[in-house]
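Notes follow once the structure below has been shown.
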Number of protein chains: 2
Amino acid sequence: MIVRPASAEDRPAIWAIMEPVIRAGETYALDRDMTEGDAMAYWLGSDKETFVAAEDGQVVGSYYLRPNQRGGGRHVCNCGYMTAAAHAGRGIARTMCAHSMEMARLWGFRAMQFNFVVATNVRAVGLWSALGFEIVGRLPHAFEHPSAGFVDAFVMFRDLA
Amino acid sequence: MIVRPASAEDRPAIWAIMEPVIRAGETYALDRDMTEGDAMAYWLGSDKETFVAAEDGQVVGSYYLRPNQRGGGRHVCNCGYMTAAAHAGRGIARTMCAHSMEMARLWGFRAMQFNFVVATNVRAVGLWSALGFEIVGRLPHAFEHPSAGFVDAFVMFRDLA
């Protein structure tokens with residue numbers, strides 16, 4: 001598996017990964033009826049650097065990296081990761097997260113923050129914990145899950161020193 | 001004091017309040033060299049509803065209200081408040097916050113979240129606490145204060161039920 005910067009040609013493959021995640025509405029706080037155009041504008045926005053993970057030439061995941069805040073908060077970055085459902089459980093998110101931490105260090109970020117990890121997304125919470133992230137905040141009932149109702153979301157944080 | 005929706009004519013007065021806050025860089029994670037145009041695009045952005053507090057026809061404070069997340073997170077709102085330095089300590093922020101909670105309830109928001117309250121901003125932390133907000137997260141060294149160095153920032157949260 002290689003991780004490389006996303007290019008315009010990757011857009012259909014990125015959308016193919018994002019669409020089921022967005023439509024399910026279980027893990028990302030994005031409108032479930034979000035259009036492809038809005039999703040691409042979000043994921044590949046000018047405030048972000050976007051990468052893809054590819055295996056045998058096929059895009060199997062994507063992530064973005066951006067400053068989480070401006071001004072006095074710009075030394076902390078934020079990332080979002082999505083993996084193709086058909087390739088779940090094979091370490092793609094882990095590989096992308098490790099890559100993102102390396103890129104973040106290269107770009108001078110001192111820490112990484114996830115603003116909104118849905119508590120029912122136990123796979124993500126477990127993976128980020130295993131990769132050194134700590135739960136530094138709990139947002140009570142901040143996410144309306146399509147089947148579980150109002151559930152908490154976590155703020156997770158990791159120093160990159 | 002009245003609180004009313006901001007209009008285009010309020011822009012110079014809003015900028016006069018914002019500029020010293022932004023230039024000081026002590027309380028908001030915004031670039032200290034932010035231009036007036038960028039600041040207005042941020043504070044009066046299409047994702048926000050913006051209000052001003054006025055006394056004897058003079059704008060003495062401003063706040064915005066917006067959904068903090070989209071999709072499953074859109075029932076939680078976020079606000080930012082700024083008060084004219086010359087009018088600090090006279091309850092303007094308190095009045096604006098009370099107004100924002102009423103507006104948020106009217107618009108159907110179920111909770112309000114502040115994402116980044118700088119820990120050294122003890123006046124704000126004290127006021128939000130007095131108004132029922134709880135510290136639900138602590139972001140370690142997430143803010144570089146111009147004189148205090150790297151300090152924590154709080155995530156504060158309040159149910160609106």
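Here are a few things to note about the model shown:
- Accessible-area loss of 20 Å² or more (1.4 Å probe, protein heavy atoms, chain alone versus all protein chains) is found in region A:110-149 for A:Arg110, A:Gln113, A:Phe116, A:Val136, A:Arg138, A:Leu139, A:Pro140, A:Ala142, A:Glu144.
- Per residue, the protein assembly as shown exposes 45 Å² of accessible surface when a 1.4 Å probe is rolled over the protein heavy atoms with every protein chain present.
- Between B:His145 and B:Phe150, B:Val151, the built amide H atoms are under 5 Å apart, and every one of these is 5 or more places off in sequence or on another chain.
- Summary for A:Ala161: label point 7 Å along Cα→Cβ; distances to the equivalent points in the other copies, ascending, 4.0 nm.
- Charged side chains reduced to their Cβ positions (Lys and Arg at +1, Asp and Glu at -1) give chain A a dipole of some 540 debye around its Cα centre.
- Sorted from closest to farthest, the other copies place their B:Trp15 label points 3.9 nm away, with each point set 7 Å from Cα along Cα→Cβ.
- Summary for A:Asp47: label point 7 Å along Cα→Cβ; distances to the equivalent points in the other copies, ascending, 0.5 nm.
- Contact order, relative form, for chain B: 19 percent (alpha carbon pairs under 8 Å, 6 or more residues apart, mean separation divided by residue count).
- Between region B:116-161 and region B:10-35, the Cα center-to-center distance that results, in Å: 19
- Threshold 10 Å² - residues in region B:9-37 whose accessible area is reduced by that much or more when the chain is no longer isolated, probe 1.4 Å: B:Ala29, B:Leu30, B:Asp31, B:Met34
- Residue closest to axis [chain A; rotation mapping onto B; Cβ; Å]: A:Gly137, 1
- Choice from A:Leu65, A:Leu106, A:Leu139 with maximal GNM fluctuation in chain A (Cα, 10 Å cutoff): A:Leu106
- Apportionment of accessible area to carbon and sulfur, region B:2-113, percent (1.4 Å): 49
- When the helices of chain A are scored as -39500 (n - 2.57) per DSSP H run of n ≥ 4 and the total is divided over every residue, the value at 222 nm lands at -9000 deg cm²/dmol.
- Heavy-atom accessible surface that B and A bury in contact, both chains counted, 1.4 Å, Å² to 100: 2200
- Remark: region B:104-119, residue by residue, has Karplus-estimated 3J(HN,Hα) of 4, 4, 4, 7, x, 5, 9, 7, 10, 10, 9, 7, 7, 9, 5, 4 Hz, where x stands for each Gly or Pro and the curve is 6.51 cos²θ - 1.76 cosθ + 1.60 at θ = phi - 60°.
The values are calculated or read from the model by the stated rules, or taken from the named source; none is laboratory data. Treat the numbers as computed from the prediction; the structure is a model and nothing was measured. Heads up, the Cβs are rebuilt from the backbone with ideal geometry, glycines too, and the neighbour counts pull from every protein chain shown. These area figures cover heavy atoms from the full protein model, side chains too; ligands, DNA and RNA do not enter into them. Shrake-Rupley method; radii C 1.70, N 1.55, O 1.52, S 1.80 Å.
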